[in-house]
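Chemist: One structure coming up, written as structure tokens, with questions to follow.
The values are calculated or read from the model by the stated rules, or taken from the named source; none is laboratory data. Being a predicted model, the structure only gives us computed values, none of them experimental. As a convention, Cβ positions derive from the backbone with ideal geometry for all residues, glycine included, and neighbour counts pool all protein chains shown.
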């Protein structure tokens, strides 16, 4: 599985195991907000007293990969599997730069 870097920007709910808001910036500079349980984004033990922002990741699948007319590698990712992570508004597909993707070690 691949992951994409996100920025955990704030703690929003102390219901177990804690909920946070995260920010993903796509290839066009648009910011997408995700809200979900802390373990979806990080192994860190975060709570209301933690310092923010914090680094995080979202598991994703690469749906399409190409090089644009300016030589930049881009891809369409989906955050739907395996955990059904979606942005506020329900979006699960995003166009990002390939260098935002963290590829698992072989």
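Chemist: Pick from segment 19-46 the residues that are within 16 Å of residue 83 (Cβ to Cβ) and not in a strand (DSSP E or B): which of them is farthest from the chain's Cα centre (by Cα)?
Modeler: Among residues in segment 19-46 that are within 16 Å of residue 83 (Cβ to Cβ) and not in a strand (DSSP E or B), the one farthest from the chain's Cα centre (by Cα) is 43.
Chemist: Could you grab me the full set of residues in segment 71-83 that are modelled with pLDDT under 95 and farther than 18 Å from residue 8 by Cα? So that I can check it myself, show each step before the final result.
Modeler: Within segment 71-83, the subset modelled with pLDDT under 95 is 81-83.
81, 82 - these are the residues of segment 71-83 that are modelled with pLDDT under 95 and farther than 18 Å from residue 8 by Cα.
Chemist: Please go through segment 54-83 and give me each residue that is closer than 15 Å to residue 22 by Cβ and loosely packed, with under 15 Cβ neighbours inside 10 Å, ordered by number. Walk me through how you get there before you give the answer.
Modeler: Taking segment 54-83 first, the residues closer than 15 Å to residue 22 by Cβ are 54-60, 77, 79, 83.
Of everything in segment 54-83, those that are closer than 15 Å to residue 22 by Cβ and loosely packed, with under 15 Cβ neighbours inside 10 Å turn out to be 55, 83.
Chemist: Suppose we filter 38, 57 for residues that are modelled with pLDDT of 95 or more and in contact with a helix residue (DSSP H, G or I) (Cβ under 8 Å, 6 or more places away or on another chain); which single one remains?
Modeler: On the way: 38 fails: in contact with a helix residue (DSSP H, G or I) (Cβ under 8 Å, 6 or more places away or on another chain).
Result of the check over 38, 57: 57.
Chemist: Taking segment 62-106 as the search range and keeping residues that are in contact with a helix residue (DSSP H, G or I) (Cβ under 7 Å, 6 or more places away or on another chain) and in a strand (DSSP E or B), which one is farthest from residue 3 (Cα to Cα)?
Modeler: Going through segment 62-106, the residues in contact with a helix residue (DSSP H, G or I) (Cβ under 7 Å, 6 or more places away or on another chain) turn out to be 65, 73-75, 83, 85.
Still in the list and also in a strand (DSSP E or B): 65, 73-75.
Working: 65: 15, 73: 16, 74: 15, 75: 13 Å.
Filtering first and then ranking leaves 73.
Chemist: Another question about this same structure. Mind checking which residues of segment 27-67 are under 15 Å from residue 91 (Cβ atoms), touching a strand residue (DSSP E or B) at 6+ places or on another chain (Cβ under 8 Å) and without any contact (Cβ under 8 Å) to a residue 24 or more places away in the chain? Even if it seems obvious, please write down each step before you answer.
Modeler: Narrowing segment 27-67 to residues under 15 Å from residue 91 (Cβ atoms): 27-28, 30-36, 58, 60-61, 63.
Right, trim to touching a strand residue (DSSP E or B) at 6+ places or on another chain (Cβ under 8 Å) and you get 27-28, 31-36, 58, 60-61, 63.
Hit for segment 27-67 is 31, nothing else.
Chemist: Kindly establish whether residue 8 is under 13 Å from the mean Cα position of the chain (by Cα), crowded, with 16+ Cβ neighbours inside 10 Å and outside any loop (DSSP other than H, G, I, E, B). Please lay out each step first, then the result.
Modeler: Details: under 13 Å from the mean Cα position of the chain (by Cα): yes; crowded, with 16+ Cβ neighbours inside 10 Å: yes; outside any loop (DSSP other than H, G, I, E, B): yes.
Taking the combined requirement at face value, the residue satisfies it.
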